[in-house]
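Notes follow once the structure below has been shown.
The values are calculated or read from the model by the stated rules, or taken from the named source; none is laboratory data. Treat the numbers as computed from the prediction; the structure is a model and nothing was measured. FYI the Cβ positions are ideal-geometry reconstructions off the backbone, even for glycines, and counts take in every protein chain you see. Side chains are part of the model used for accessible areas, which takes the heavy atoms of the whole protein and leaves out ligands, DNA and RNA. Shrake-Rupley method; radii C 1.70, N 1.55, O 1.52, S 1.80 Å.
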Amino acid sequence: MGFLEGKKILVTGVASNRSIAWGCAEAMHKQGAEIALTYQNEKLKSRVVEMASKCGSDIALPLDVGKDEDIEALFASLAKRWDGLDAIVHSIAFAPREQLEGDYVDAVTREGFATAHEISSYSFAALAKAGRAMMEGRNGALLTMSYLGAVRAVPHYNVMGVAKASLEANVRYLSASLGPQGTRVNAISAGPIRTLAAAGISDFRDMLKKVEERTPMRRNVTIEEVGNAAAFLCSDLSSGITGDVLYVDTGYHILG
Ligand code: 0WD
């Protein structure tokens, strides 16, 4: 029996089979969880429906976190299928491409800053708020995906690093707010992984190579490894952990 047997988990942010969210969904399904997936737009729908079925699920729902009505409709639809919700995985981020190249001060704009923060950080609080009622009294867990750029000035990561710092603060405030109802809130800070979102970061290939050369384990992390850590953080095995950021990055963050 898997350690997520009987848990109902909503996983957002699947865009392809390289997505970190997909690593999470697969690992959680393996541990016995029931999975619901979301897709950002109609173009992704058929792919995500198929991926849900690989997890034995027929729940794939639309969600653009930029739209309040989508967030509301998501939980209304979910409530028709499930009598409660045990965990939400937030694996969503976006900044306009021109924000993610060159010098931070040159690149940053009011609009780019606002978009990055809204889609990559506010959306986590929005899902927590909208999902709160369904999660109450179930020892639930909220989980998001961060990156080292939240705490270090990583070249080209620019405004996304500032948004990830906001996201990590969000983890702490949400955990203080939702702890009394039994909901834990954590983040995984993943090492670089080649995904669709990563392709938007200038010099991403160099970043992967640099990590591989220097990190204690001399290799990059996989979505399966992030997925396994996510499964742990959404399970009762991590019942004493909240408000924290767990690094799943083959040790890169410890280097000076
Ligand atoms: O190296 C990496 N890949 C790392 C990613 C290292 C550390 C952290 N992360 C984070 C990302 O910042 C993000 O928060 O992990 C999370 C997942 O990213 P991913 O798995 O690397 O990327 P991807 O497979 O592209 O999934 C992210 C998806 C989007 O994909 P695209 O590439 O189409 O933007 O987030 C979704 C979308 O499907 N997304 C949205 N979903 C709902 N509403 C929205 C939105 N407005 N915007 C983006």
Diffusion coefficient, µm² s⁻¹, Stokes-Einstein with Kirkwood Rh over alpha-carbon pairs of the range 8-254 at 37 °C and 0.692 mPa s
182
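Taking a threshold of 26 Å on the Cα-Cα distance, which of the pairs K7/K129; K30/K67; K67/K210; K30/K209; K8/K54 fall above it?
On the way: K7/K129 20 Å; K30/K67 32 Å; K67/K210 37 Å; K30/K209 31 Å; K8/K54 16 Å.
Exceeds cut-off: K30/K67; K67/K210; K30/K209.
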Could you please report the charge total around K7, scoring K, R as +1 and D, E as -1 over all other residues with beta-carbon less than 14 angstrom from its beta-carbon?
-1
Given points 7 Å out from each Cα along the Cα-Cβ axis, report the K129 to R205 separation in nanometres with one decimal.
4.2
Subtracting the Cα-Cα distance from 0.36 nm times the residue separation, let me have the gained length for F3 to E212 in nm, one decimal.
72.1 nm
Rounded to a whole number, what % of the accessible area of the range 8-254 do carbon and sulfur atoms account for, probe 1.4 Å?
51
In this structure, the FRET efficiency calculated for A176 and K45 from their beta-carbon separation, with R0 = 45 Å, to the nearest 0.05, is 0.80
In deg cm²/dmol and to the nearest 500, what is the mean residue ellipticity at 222 nm of the chain if only DSSP H runs of at least 4 residues count, each as -39500 (n - 2.57), divided by the residue total?
-13000 deg cm²/dmol
Figure the gain on full extension for A169 and T222 (residue separation times 0.36 nm, minus the Cα-Cα span) and round it to one decimal in nm.
16.5 nm
Would you be so kind as to identify which of A76, A36, M1 lies farthest towards the positive end of the dipole of the chain, taking Lys and Arg as +1 and Asp and Glu as -1 on Cβ and the Cα centre as origin?
M1
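Go through the range 22-72 and name the trypsin sites (Lys or Arg not before Pro) that are in a DSSP coil and have 12 or fewer other Cβ atoms within 10 Å of their Cβ.
Those satisfying the criteria are K67.
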Extension gain from E72 to E111, taking 0.36 nm per residue of separation minus the Cα-Cα distance
11.5 nm
Tell me the accessible surface of R132 in square angstrom (1.4 angstrom probe, heavy atoms of protein chains only), to the nearest ten.
110
Among trypsin sites (Lys or Arg not before Pro) in the range 146-192, those in a DSSP loop whose Cβ has at most 15 other Cβ atoms within 10 Å are R152
Accessible area per residue in Å² at 1.4 Å probe, computed on the chain
47
